[in-house]
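Input: a single structure, listed below in structure tokens.
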Amino acid sequence: MNYDIAIIGAGTSGLSFAKALEDTGLKTVIIEKQDEAKLANPDYDGREFAITHLSHKILNTLDMWDRIDPNAISLIKNAKVLNGDSDYTLHFSHTEAGEDNLGFMTSNHLIRKAAYEAVKVGHTHMITGTEVTAIETNNTEGTLTLSNGDTITANLIVAADSRFSKTREMMNIETSMLNFKRTCIVCNMDYEGEEQDTAIECFHYGRTLAVLPLTNKRCSLVITIDSDKAKNILDMSPEELANDIEQRIDGYLGKMKLTTKLFSYPLMGVYAQKFYAQRYALIGDTAVGMHPVTAHGFNMGLRGANTLAGEIKTALKQGIDYGSVSVLSQYHQKHRQFTRPLYLGTNALVKLYTNESPPAKFLRHGLLKLGNRLKPAKHIITNLLTETDDKAA
Ligand SMILES: Cc1cc2nc3c(=O)[nH]c(=O)nc-3n(C[C@H](O)[C@H](O)[C@H](O)COP(=O)(O)OP(=O)(O)OC[C@H]3O[C@@H](n4cnc5c(N)ncnc54)[C@H](O)[C@@H]3O)c2cc1C
């Protein structure tokens with residue numbers, strides 16, 4: 001089986017990349033280890049994504065956004081950051097950003113479903129229920145061996161096979177892995193208080209709690225805690241957990257009720273030193289796996305897929321080999337330029353806001369105050385959080 005481009009992994013990054021190439025006429029294949037039925041109807045996994053304006057724009061262009069039920073999309077109008085036991089808040093508002101909203105919220109499984117449907121109506125070939133078990137590349141092509149015994153060759157292989165990518169390892173791409181030793185626990189709750197459209201990030205001492213607005217008086221909760229303490233939360237009864245959250249946010253949402261099960265994700269930061277090798281490129285979490293506190297992983301994956309597809313299209317127009325090192329290194333430079341500061345900045349933020357020494361507590365509070373007072377700093381943070389600024393594209 002011979003293709004122009006072979007994509008490993010049908011997560012949101014792999015599917016978006018496949019869709020972005022649709023108008024090129026290239027012969028593409030996507031290989032996914034999950035069964036097709038799971039791709040068509042992905043299970044709910046507790047993850048509700050904060051989606052930036054740029055991602056919203058890309059998802060629209062890729063014919064994915066309109067496939068998501070509008071009732072399952074909520075708008076974030078404002079955001080507040082709280083620190084420790086202080087009442088002081090760093091506040092971001094959509095009016096300051098000059099936009100109708102700061103961003104959008106919807107579920108990962110709905111985006112995955114929409115992405116699958118959008119790719120399915122196109123001409124990308126899908127091979128599902130089959131794992132890539134080996135990869136080899138040379139000057140002219142790459143070869144994949146599949147768990148069903150088949151072999152695939154392609155001019156370019158693009159890996160979107162998760163932050164724990166086996167093919168990245170097989171291609172000897174040096175990758176820094178940062179074990180945060182923290183776990184994210186996510187779930188949804190209903191609330192009886194007034195309907196809210198403000199996202200709240202509480203850097204409490206000992207844990208971080210994000211409360212994200214969903215439609216119909218529902219909210220998504222993201223609790224980040226030391227991994228060795230996660231079990232204490234997972235073992236709570238639904239009533240105990242709801243009461244605990246109510247107290248932690250001072251009854252802001254009124255009476256709360258757990259409506260989903262709890263999902264837990266041990267956190268690992270991943271950054272590949274190079275986003276390409278011979279006839280091979282990395283996108284999505286395979287290139288950069290973010291700590292979720294700044295809600296950028298999916299958004300970055302989408303942007304990276306878009307950037308690589310853009311470089312390939314330019315190469316095709318210029319009659320250049322799109323799988324060549326010169327094209328892939330252009331993608332690497334562009335994507336690294338955007339992702340590196342955000343990756344390092346997010347990790348520094350996590351380090352500071354999980355540090356409870358007296359100087360760190362002082363700095364944590366000081367930075368929040370500075371963030372509110374310094375207009376340019378606030379503007380930069382708003383743009384980073386929302387990517388409302390088109391210059392980000
Ligand atoms: C708790 C939590 C909250 C988050 N919140 C946000 C948020 O608000 N905003 C945001 O932007 N991001 C968020 N993220 C990050 C986001 O979830 C990820 O960045 C995104 O899902 C990564 O998508 P992907 O397609 O790159 O990888 P994945 O979703 O990991 O997909 C990889 C695919 O490759 C397949 N695969 C793997 N190996 C093989 C193989 N050998 N052969 C074939 N197939 C293979 C897998 O089955 C899978 O389908 C959050 C993450 C967590 C954990």
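The values are calculated or read from the model by the stated rules, or taken from the named source; none is laboratory data. Predicted model only: the values in this text are computed from it and were never measured. Virtual Cβ from ideal backbone geometry, glycine too; neighbours counted across all protein chains shown.
The condition of being out of contact with any strand residue (DSSP E or B) (no Cβ under 6 Å at 6 or more places or on another chain) and at pLDDT 95 or above holds for only one of Thr307, Thr354, Thr388, that being Thr307. Scanning region 273-312 for residues that are in contact with a helix residue (DSSP H, G or I) (Cβ under 8 Å, 6 or more places away or on another chain) and assigned to a loop (DSSP other than H, G, I, E, B) yields a count of 9. Regarding Leu110, is this residue closer than 24 Å to Val222 by Cβ and surrounded by fewer than 22 Cβ atoms within 10 Å (Cβ to Cβ)? Yes: the conditions hold for Leu110.
Among residues that are over 30 Å from Pro358 (Cα atoms), in contact with a strand residue (DSSP E or B) (Cβ under 8 Å, 6 or more places away or on another chain), modelled with pLDDT of 95 or more and assigned to a loop (DSSP other than H, G, I, E, B), Thr130 is included. Taking into account only those residues within region 173-214 that are at pLDDT 90 or above and of a type in the set (Lys, Arg), which is nearest to Asn78 (Cα to Cα)? Filtering region 173-214 for residues that are at pLDDT 90 or above and of a type in the set (Lys, Arg), the one nearest to Asn78 (Cα to Cα) comes out as Arg182. Gly142 meets each of the listed conditions (1) buried (at least 17 other Cβ atoms within 10 Å of the Cβ); (2) under 30 Å from Ser227 (Cα atoms) apart from (2). Please verify whether region 122-129 includes one or more residues that are under 23 Å from Asp45 (Cα atoms) and more than 15 Å from the ligand (Cβ to nearest atom). No: region 122-129 contains no residue that is under 23 Å from Asp45 (Cα atoms) and more than 15 Å from the ligand (Cβ to nearest atom).
Considering region 289-312, the residues that are more than 8 Å from the ligand (Cβ to nearest atom) and more than 15 Å from Ser55 (Cβ to Cβ) include one that is surrounded by the fewest Cβ atoms within 10 Å (Cβ to Cβ), namely Gly310. The set of residues in region 146-165 being in a strand (DSSP E or B) and over 16 Å from Arg279 (Cβ atoms) consists of Leu146 alone.
Of all the criteria given as (1) within 28 Å of Leu144 (Cβ to Cβ); (2) among the acidic types (Asp, Glu); (3) more than 10 Å from the ligand (Cβ to nearest atom); (4) touching a His at 6+ places or on another chain (Cβ under 9 Å), the one not satisfied by Asp45 is (3).
Tally the residues that are closer than 12 Å to Ala10 by Cα, aliphatic (A, V, I, L, M) and surrounded by fewer than 18 Cβ atoms within 10 Å (Cβ to Cβ), restricting the search to region 113-127. Of the residues in that region, 0 qualify. Is there a residue being of a type in the set (A, V, I, L, M, F, W, C) and buried (at least 24 other Cβ atoms within 10 Å of the Cβ) anywhere in region 36-49? Among the residues of region 36-49, not one is of a type in the set (A, V, I, L, M, F, W, C) and buried (at least 24 other Cβ atoms within 10 Å of the Cβ), which makes the answer no. Among the candidates Glu194, Glu174, the residue that is surrounded by fewer than 19 Cβ atoms within 10 Å (Cβ to Cβ), under 26 Å from Ala6 (Cα atoms) and either in contact (Cβ under 8 Å) with a residue 24 or more places away in the chain or small (Gly, Ala, Ser) (or both) is uniquely Glu174. Looking only at region 167-211, residues that are in a loop (DSSP other than H, G, I, E, B) and among the polar types (S, T, N, Q) come to 2 in all. Any idea which of (1) more than 30 Å from Leu221 (Cα to Cα); (2) part of a helix (DSSP H, G or I) is the one Asp321 doesn't satisfy? The number of the failed condition is (2).
Can you pull out the residues in region 144-172 that are of a type in the set (Val, Ile, Thr) and either at pLDDT below 95 or within 15 Å of the ligand (Cβ to nearest atom) (or both)? Selection gives Thr145, Thr151, Ile152, Ile157, Val158, Thr167. Just so you know, in region 183-205 the residues that are in contact with an Asp or Glu (Cβ under 9 Å, 6 or more places away or on another chain) and within 11 Å of the ligand (Cβ to nearest atom) include one that is nearest to Ser237 (Cα to Cα), and it is Val186. If the condition is being within 13 Å of Val158 (Cβ to Cβ) and under 25 Å from the mean Cα position of the chain (by Cα), then region 20-31 contributes Ala20, Leu21, Thr28, Val29, Ile30, Ile31. Taking the criterion of being more than 7 Å from the ligand (Cβ to nearest atom), buried (at least 18 other Cβ atoms within 10 Å of the Cβ) and of a type in the set (Ser, Thr, Tyr), the residues of region 1-35 that qualify are Tyr3, Ser16, Thr28. Listed here are the strands (runs of 3 or more DSSP E) enclosed by region 4-101 that have at least 1 residues being of a type outside the set (S, T, N, Q) and closer than 30 Å to Leu367 by Cα: 48-51, 74-76, 78-83, 89-93.
Look at (1) modelled with pLDDT of 95 or more; (2) crowded, with 20+ Cβ neighbours inside 10 Å and you find that Leu102 fails only one, number (1).
Looking at the structure I just gave you, is Val270 assigned to a helix (DSSP H, G or I), β-branched (Val, Ile, Thr) and in contact (Cβ under 8 Å) with a residue 60 or more places away in the chain? Here the answer is no, as Val270 does not meet what is asked.
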